[in-house]
Every structure is written in C-alpha cells, then in structure tokens.
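Here the structure comes first, spelled out in structure tokens, and everything after it is commentary.
What follows draws every value from the coordinates through simple rules; no lab data is involved. From a predicted model like this one, the values you see are computed outputs, not experimental measurements. Neighbour counts run over all protein chains shown; Cβ positions are idealised from the backbone, glycine included.
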Amino acid sequence: MDHDEQKPKKLRRAVINGDVYLDGKPQPLDLIIEDEKIAGIVARGEAPAGTDVIDARGKLAIPGGIDVHVHTREPGYTHKEDLITCTSAAAAGGYTTIFGMPNLDPPTMTTEDLDAVLDLYAEKSIVDYNHNPAAKLPDQIAGMAERGVAAYKIYMVVDTGRSYPHPSSIGVHDHGDLYKAMQAVAETGLRLMVHPHDQSLMDVIEQSYWDAGDRSPWAYGKTLAAGDGMIWDTATATLLRLAEATGCKLHIVHVQTKRQIEMLEEAKERGVDVSSETNHWTIFLGTEEDIKEQGSFVLSYWVPPHHQEAVWEALRDGSIDMLSSDHAPHTREEKEVGWTDAWAAHTGTPGIQEQLPLMIDAMNKGKLTLDRLVELTSGAPARIFDLHAKGSLDVGKDADITLVDLEQEWVITNDDVESKIGWTPYDGREVKGAVTRTLVRGTDVYVNGDVVGAPGHGKQVGSQ
C-alpha cells in the first residue's frame with residue numbers, strides 16, 4: 001500500500017451560503033473545516049471545490065455553546081437522566097461542551113470517583129465535556145487537577161426533608177472548611193464553583209413555615225427569597241472575602257439578587273478574581289405566577305421581579321459573566337409530590353435544550369444584543385475556564401458550530417424533549433429563534449430536529 005494511503009484522511013467540510021458571527025457581528029462568509037478545526041474563513045461562494053458542504057442559507061453560524069453547569073445524573077440517578085440523553089439534549093440545544101456536576105452516586109469526591117466518571121463520559125458523551133469534582137476533601141484536590149479537570153464545585157447547601165439533589169455528603173457549610181478547600185484549590189490554579197447558601201439562616205426560615213403548616217410550593221419559594229434574598233447575599237459576601245484572602249479563583253453560581261451583583265462588581269474592582277453565572281430559570285421562570293401555576297415543576301427558586309430585572313441588566317452590562325443552564329432533570333413523579341409537600345419534591349429544572357432558543361427570543365424582543373448573547377453562552381465560559389480551543393469561530397479553533405435561524409417562530413413542547421424525563425417547564429411557550437444544526441469539532445451531532453451524534457464522540461476538554 002502506498003505510504004500516503006495509510007495516512008488518515010482529513011475531514012474537509014464547508015459551511016456555505018449563510019452568515020458567520022465574527023468580530024462581533026454577522027458577516028456573509030463561508031467556513032472551511034479541516035481536521036476538526038476552523039481551517040479557513042472565506043468570502044461567501046469561495047469555498048474550495050471537493051468539500052462536503054453544509055448549506056446554511058438563511059442561518060447564522062455562532063460558536064457552539066459552552067455550559068459549565070450541567071447535572072448529568074450518571075452514575076446513580078439514571079432513572080432521571082444519563083450521559084447519552086443529557087448530551088443529546090445539549091446537542092439539540094446548540095451546546096457543544098458541558099461540565100458535569102458531582103452530586104452523583106457515588107458523589108465525585110476522590111480521584112477514583114473522578115476516574116470512573118470520566119470513563120463514562122468517554123464512552124457515552126455526544127458532545128465535548130469536563131467534570132467538576134467536589135472540593136470537599138483537600139487531600140484529593142491536587143490529584144484531581146492532574147486528571148485535567150477545569151474546575152471544582154462546592155455546595156453550601158444541604159437539603160431538608162429529602163436527600164437529593166443536595167446530599168449532606170458533599171455539603172460544605174463551616175467557614176473553616178471552606179477556607180481550607182479554597183487554599184487547596186488555589187494551589188492548583190483552577191477555579192472553584194460555589195453554590196452560595198446560608199444554611200443556618202435557611203433552617204430558621206423554613207421552620208417558621210413548617211410551624212404554620214404551610215409546605216406549599218409558594219411557601220418553599222418564599223423561604224429562598226426571604227429577607228430580600230439574604231441567604232444568597234450573606235453567603236456571597238463570605239465567599240468573596242475568603243477568595244480575596246486565599247487567592248482562590250472563584251465562580252459563583254445561581255446569581256439572583258441585586259446585592260449579589262453589587263458585591264461582585266465591588267470585588268472585581270478590588271482585584272478579586274471572581275466570575276459568576278445566572279441560569280435560564282432566573283430570567284425565564286421563577287415568577288410568583290409560574291410557581292402558583294406549575295408548582296415544583298418550575299422550582300429551582302423564586303426570583304422577585306426587582307431581582308430579575310437586576311439580573312437582566314447585569315447580563316447586558318457584563319456584571320454577570322455567563323449564562324449556564326443548571327440543567328437539573330427530575331421525573332414527573334419527583335415533582336408532582338410538591339403539590340402536597342414542596343420540601344419532598346426534588347428541586348431544579350431542566351433547560352439545556354431550551355436555553356439558547358429562549359435567549360434568541362429575548363434578543364429578538366430587545367432584551368440583549370447578539371454580541372452579549374454569544375459572549376454569555378460561549379465566549380466568556382471559554383475564556384474564564386481556559387478552554388483555549390473553544391469560544392469563537394476564529395481560524396485554528398475547534399469547529400464547534402451552532403447554526404441558528406433567528407426568524408423561525410415555533411412552540412416548545414414536551415414532544416421535542418431529548419432529556420429522559422420527557423418534559424419541560426417551557427411546554428407551550430412560543431419563541432422566535434431556533435437551533436437548526438450543531439457540529440462538535442466539525443462533526444454533525446444535531447441536524448434539523450434529529451440528534452445524529454454518536455455516543456463517545458465527545459472528548460474531555462480543558463486548558464489547551
């Protein structure tokens with residue numbers, strides 16, 4: 001056999017006839033893909049002959065979404081979700097990279113736990129991935145960094161009245177333990193993601209509703225927003241001070257109050273290396289009306305209107321760095337029980353499949369610009385978590401491409417859900433803007449309503 005014939009053939013493709021988001025705006029360009037990378041950007045119609053072409057007429061190519069906060073549920077809770085169904089939902093939602101969370105069974109707290117989880121991703125993930133282990137055991141943190149993790153996770157919350165999704169085994173509430181964890185993470189140079197929560201305050205607030213015999217979804221929502229969001233604010237203040245003292249790179253999840261945003265802005269001005277995210281449920285769900293209509297099916301948390309508007313403003317001006325889905329699937333049965341006892345229902349809402357279309361719809365309604373949308377869903381996550389091959393459509397980057405139709409009007413329904421649970425809190429919502437095709441490193445994983453990616457196509461990503 002000729003020596004040249006033994007070389008693997010390059011995958012050469014071209015995305016033609018559409019617009020490409022480049023240098024902050026849509027431009028009439030064609031993308032050339034070779035060896036999983038963006039190999040060239042040429043004027044529309046100038047793609048070389050002999051390439052496999054994708055006709056993107058009427059579509060806009062944007063960088064594939066990067067979601068650093070996804071609950072995959074595998075191992076341990078595969079009746080809710082597994083890695084194949086979760087990454088199928090990601091692909092359908094225009095997301096090409098996800099970070100999984102450690103609230104699994106067993107929880108990801110040791111290097112052995114991490115090795116097992118990464119093996120599952122390698123076998124099953126359709127999109128690229130990393131996994132955030134829990135930073136609860138300081139002696140395990142350095143070893144987990146050696147396995148290429150991009151970040152760690154700490155929960156300052158433990159569930160009351162149930163054992164999931166915030167099991168006590170991975171909760172860290174003592175400030176001394178938080179301090180030690182931050183010191184250990186700081187030595188790795190990686191970022192620590194923290195779910196802020198003041199558990200001692202929450203214990204008192206919840207008890208007052210229980211004593212009154214009110215365990216409704218609306219009561220549950222009010223406990224989490226009590227004192228104008230004080231459980232979030234006090235925890236965030238503590239985290240920012242500890243990060244300043246230890247030099248630990250900090251990422252605060254679930255930002256949802258005006259004071260949190262103000263504290264984040266002030267900390268950045270002082271030079272604290274802190275980033276933050278909010279989630280789809282903060283800005284598209286979680287109103288009083290949502291909770292009273294759908295109960296635990298929309299709980300995560302109640303976000304009062306003045307806080308929701310503050311979050312939108314922070315998304316527009318960059319005070320909040322990124323949007324993550326906090327994709328948190330639970331079965332209908334695990335939610336339905338909330339009508340009689342919201343503390344027995346598993347909290348969290350699915351959303352990785354719907355988040356990008358909802359954001360495009362919001363852009364069409366003037367809530368934010370296209371530039372901010374791309375930055376929130378791709379650019380900022382890639383930059384902040386050092387994913388150097390991701391986050392833009394520049395030459396040399398991974399060919400992670402999401403084609404979107406900014407004008408398509410459609411209705412979100414349960415019938416289209418790729419998640420194993422088969423439902424979405426957005427069922428029946430009309431949106432303008434749709435994901436039509438998703439490519440991970442140049443390979444199709446979602447095309448016009450069908451997930452076509454193969455389990456095991458995804459690769460672990462990190463600093464590259």
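See the values below:
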| item | result |
| --- | --- |
| Inter-label distance for S200 and S169, nm, one decimal - labels placed 7 Å from Cα along Cα-to-Cβ | 2.8 nm |
| Expected-Rg normalisation [2.2 N^0.38 Å, Cα atoms] applied to the stretch 105-243 | 1.18 |
| Fewest-first ranking of F99, F385, using other Cβ atoms within 10 Å as the exposure measure | F99, F385 |
| Globularity ratio of the stretch 266-371, using Cα Rg and 2.2 N^0.38 Å | 1.19 |
| Calculated FRET value between K365 and D273, using beta carbons and R₀ = 51 Å, to 0.05 | 0.90 |
| Förster-model FRET efficiency, 35 Å R0, D386 and W339, C-beta, rounded to 0.05 | 0.20 |
| Rg over Rh, two decimals, the stretch 170-235 (C-alpha only, Kirkwood Rh) | 1.11 |
| Candidates per trypsin sites (Lys or Arg not before Pro) in the stretch 317-381, loop by DSSP, up to 12 other Cβ within 10 Å | K365 |
| Percent of beta bridges antiparallel (DSSP, the chain, rounded to nearest 5) | 50 percent |
| Vicinal HN-Hα couplings computed from phi for the stretch 261-277 (Karplus, 6.51 cos²θ - 1.76 cosθ + 1.60; Hz; Gly/Pro x) | 4, 4, 5, 5, 4, 5, 5, 4, 5, 7, x, 6, 7, 10, 10, 7, 9 |
| Using alpha-carbon coordinates, inclination of helix 83-92 to the longest axis of the chain, degrees | 60 degrees |
| 3J(HN,Hα) from dihedral phi, the stretch 132-140, Karplus parametrisation 6.51/-1.76/1.60, rounded to Hz, x for glycine, proline | 9, x, 6, 8, 8, 10, x, 6, 9 |
| Furthest towards positive pole of dipole, L104, A116, M144, structure part the stretch 1-152, Cβ charges | L104 |
| Residues S324, S276, S319 arranged by fewest to most Cβ contacts within 10 Å | S319, S276, S324 |
| Computed helical MRE - 222 nm, the chain, DSSP H runs ≥ 4 contributing -39500 (n - 2.57), nearest 500 | -9500 deg cm²/dmol |
| Of W232, S324, G366, farthest towards positive along the dipole that unit charges on Lys, Arg, Asp, Glu beta carbons give the chain | G366 |
| log10 of Debye I(q)/I(0), alpha-carbon scatterers only, for the stretch 169-299 at 0.13, 0.14, 0.23 Å⁻¹ | -0.61, -0.69, -1.37 |
| For G76, residues with placed amide H under 5 Å, excluding near neighbours | D105 |
| Unit Cα scatterers, Debye sum, the chain: log10 I(q)/I(0) for q = 0.08, 0.09, 0.10, 0.14 Å⁻¹ | -0.44, -0.56, -0.69, -1.38 |
| Dipole magnitude (debye, nearest 20) for the chain, charges at Cβ of Lys, Arg, Asp, Glu | 560 debye |
| Residue order, fewest to most surrounding Cβ atoms within 10 angstrom, among T85, T234, T72 | T234, T85, T72 |
| Filter on K25/K153; K80/K397; K249/K367; K37/K59; K80/K292 - keep pairs with C-alpha separation over 26 Å | K25/K153; K80/K397; K249/K367 |
| Estimated FRET transfer efficiency (Y179, D115; beta-carbon r; R0 30 Å; 0.05) | 0.60 |
| Whole-Hz couplings from phi, Karplus 6.51/-1.76/1.60, listed for the stretch 112-125; x for Gly and Pro | 5, 4, 5, 4, 5, 5, 5, 5, 5, 4, 4, 7, 10, 6 |
| Distant-in-sequence amide H partners of T436 (H built 1.01 Å from N, under 5 Å) | L403, V404, D405 |
| Two-decimal ratio, the stretch 27-111, of alpha-carbon radius of gyration to 2.2 N^0.38 Å | 1.54 |
| Between 0 and 90°, nearest 10: helix 305-317 axis offset from the chain longest Cα axis | 40 degrees |
| Whole-Å distance, taken between Cα centres, linking the stretch 158-227 and the stretch 419-453 | 33 Å |
| Cα centroid of the stretch 58-74 to Cα centroid of the stretch 322-370, whole Å | 15 Å |
